[in-house]
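> Starting off with a structure, shown below.
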Amino acid sequence: VYAAAGLKGQNGVYTPQLVVDGRFGTVGSREAEVRSGIARHGSKGSAAIRLRDLGAKGVAVGIDGTAARPTELVLVAAKRKAEVAIARGENGGRKVGYTNVLKNEQRLQSWDGGKASLVITPEQLTVAGADRYALVLREPDGGKVLAARWLRQ
């Protein structure tokens with residue numbers, strides 16, 4: 001589940017709180033809609049991401065599997081929890097808590113299937129405000145996700 005740029009909807013581009021497989025988006029608090037969307041649009045990935053901690057040298061990443069079209073491996077930096085004061089709108093005057101807030105994403109490499117490897121350096125894991133990182137193997141522009149994995153939770 002991942003969204004960066006949003007989905008193209010009937011009324012133009014919008015950014016939902018939750019995206020399933022790059023094809024379905026909804027408000028994250030609508031549990032029944034989320035579960036239904038996962039059941040209808042979710043799929044098992046055709047690839048796997050393996051990790052090996054290299055200590056002070058970083059994290060070794062291995063990818064294996066198949067891809068129907070070119071994909072990209074993206075390093076996502078997130079903040080576990082954030083509380084935001086809402087100035088106006090339907091939640092105006094309230095503080096809203098968010099989970100796994102996107103702080104940055106960095107495209108690491110393209111992948112067309114088969115085996116690939118790389119090392120994520122400690123310097124790549126120092127995004128201001130981020131306290132966790134994930135790898136997402138997806139079709140470009142927030143498309144279908146083939147595999148995803150948290151780094152050093």
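The values are calculated or read from the model by the stated rules, or taken from the named source; none is laboratory data. Nothing here was measured: the structure is a model prediction, and the numbers come from that model. A quick note on method: Cβ atoms are made from the backbone with ideal geometry, for glycine too, and the neighbour counts reach across all protein chains shown. These accessible areas exclude ligands, DNA and RNA; they are computed on the full protein's heavy atoms, side chains included. Shrake-Rupley method; radii C 1.70, N 1.55, O 1.52, S 1.80 Å.
> Determine the share of the chain's accessible area contributed by carbon and sulfur atoms, expressed in whole percent, with a 1.4 angstrom probe. Each step should come with its number before you reach the end.
Working: 4540 of 9440 Å².
C and S fraction of accessible area: 48 percent.
> Further question: Looking at the stretch 64-132, which GluC sites (Glu not before Pro) are in a loop (DSSP not H, G, I, E or B) and have at most 10 other Cβ atoms within 10 Å?
Details: sites: E72, E83, E90, E105, E123; in loops: E90.
Taking the stretch 64-132 and a limit of 10 other Cβ atoms within 10 Å, the loop GluC sites (Glu not before Pro) found are E90.
> With +1 assigned to the C-beta of every Lys and Arg and -1 to the C-beta of every Asp and Glu, and no other charges, what is the dipole magnitude of the chain about the Cα centre in debye, to the nearest 20? Write out the running numbers ahead of the final one.
Values: 24 positive and 14 negative charges, 57 e Å.
It comes to approximately 280 debye.
> Please determine, in degrees from 0 to 90 and to the nearest 10, the orientation of helix 31-41 with respect to the longest principal axis defined by the Cα atoms of the chain, where the helix direction is its Cα long axis.
Orientation of helix 31-41: about 40 degrees from the principal axis.
> Hey, what number do you get for the chain at 222 nm if only DSSP H runs of n ≥ 4 count, each worth -39500 (n - 2.57), divided across all residues, to the nearest 500?
Values: 1 runs with 11 residues, N = 153.
Helix-only estimate at 222 nm: -2000 deg cm²/dmol.
> Given 20 °C and 1.002 mPa s, how large is the Stokes-Einstein diffusion coefficient of the stretch 100-153 in µm²/s, with Rh as the Kirkwood radius over Cα pairs?
On the way: Rh = 12.6 Å.
Translational D for this selection: 170 µm²/s.
> Calculate, for the stretch 24-83, the solvent-accessible area per residue in square angstrom, rolling a 1.4 angstrom probe over the heavy atoms of the protein chains.
On the way: 3500 Å² over 60 residues.
With all protein chains present, the stretch 24-83 gives 58 Å² per residue.
> Something else now. For the chain, build the charge dipole from Cβ charges (+1 Lys, Arg; -1 Asp, Glu) around the Cα centre, then report which of G65, G92, V145 sits farthest towards its positive end.
G92
> Considering only DSSP states other than H, G, I, E and B, which trypsin sites (Lys or Arg not before Pro) in the stretch 19-76 qualify as loop sites with at most 11 other Cβ atoms within 10 Å?
Numbers: sites: R23, R30, R35, R40, K44, R50, R52, K57; in loops: R23, R30, K44.
Those that pass, being in a loop and sparsely packed, are K44.
> Turning to a different aspect of this structure: What base-10 log of the normalised intensity I(q)/I(0) is obtained for the chain from the Debye formula, alpha carbons as equal point scatterers, at q = 0.09 Å⁻¹?
-0.32
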